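FYI, it's all coordinate maths here, none of it is from the lab. Because the structure is predicted, anything quoted here is derived from the model rather than measured. So basically every Cβ, Gly included, is an ideal-geometry build from the backbone, and we count neighbours across all protein chains shown.
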Amino acid sequence: MSTVALLAKLPAAEGKGAELAEAFKVAFDHVNKEAGTRMYVLHADATNADILWIYEIYENQDAMNAHMTADWFGPFGKSLAPFMGGRPEMFFLTPLGGKGL
């Protein structure tokens with residue numbers, strides 16, 4: 001299988017961007033233990049403090065599936081709900097090349 005990636009736009013509730021970012025950091029301890037997770041980077045939008053972006057790269061589709069079905073993932077998503085301003089927009093990608101792959 002080939003490397004897969006995900007780019008997700010996370011809209012925070014008005015004025016809750018910093019709180020969403022802080023709550024999101026819980027995921028880092030978990031993904032650091034995932035063998036198939038190559039990259040998991042949270043970004044602040046440069047023009048809107050209430051938009052966050054997460055960029056993820058996985059060894060393959062199985063690794064992405066393992067991440068999304070991990071025991072911690074469901075409760076983690078629910079913990080973000082008080083800070084969210086809408087549903088995340090998710091873009092599934094196939095990396096074609098570049099530095100860091």
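Suppose we keep just the alpha-carbon trace of the chain; what are its Rg and Dmax in angstrom?
Just the Cα atoms of the chain yield Rg and Dmax of 13.6, 41 Å.
From the phi angles alone, apply the Karplus equation (6.51, -1.76, 1.60; θ = phi - 60°) to region 71-79 and give each ³J(HN,Hα) in whole Hz, x where the residue is Gly or Pro.
My calculation for region 71-79 gives 4, 7, 5, x, x, 4, x, 5, 5 Hz in order.
In nm, what is the difference between 0.36 nm times the number of residues separating W72 and A44 and their Cα-Cα distance?
Stretched fully, the W72-A44 segment lengthens by 7.7 nm.
Suppose each label sits 7 Å from its Cα in the direction of the beta carbon; what would the M90-N32 distance come out to in nanometres?
2.5 nm
Would you calculate, for the chain, the mean residue ellipticity at 222 nm contributed by helices, counting each DSSP H stretch of 4 or more residues as -39,500 (n - 2.57) and dividing by all residues, to the nearest 500?
Result for the chain, helices only: -7500 deg cm²/dmol.
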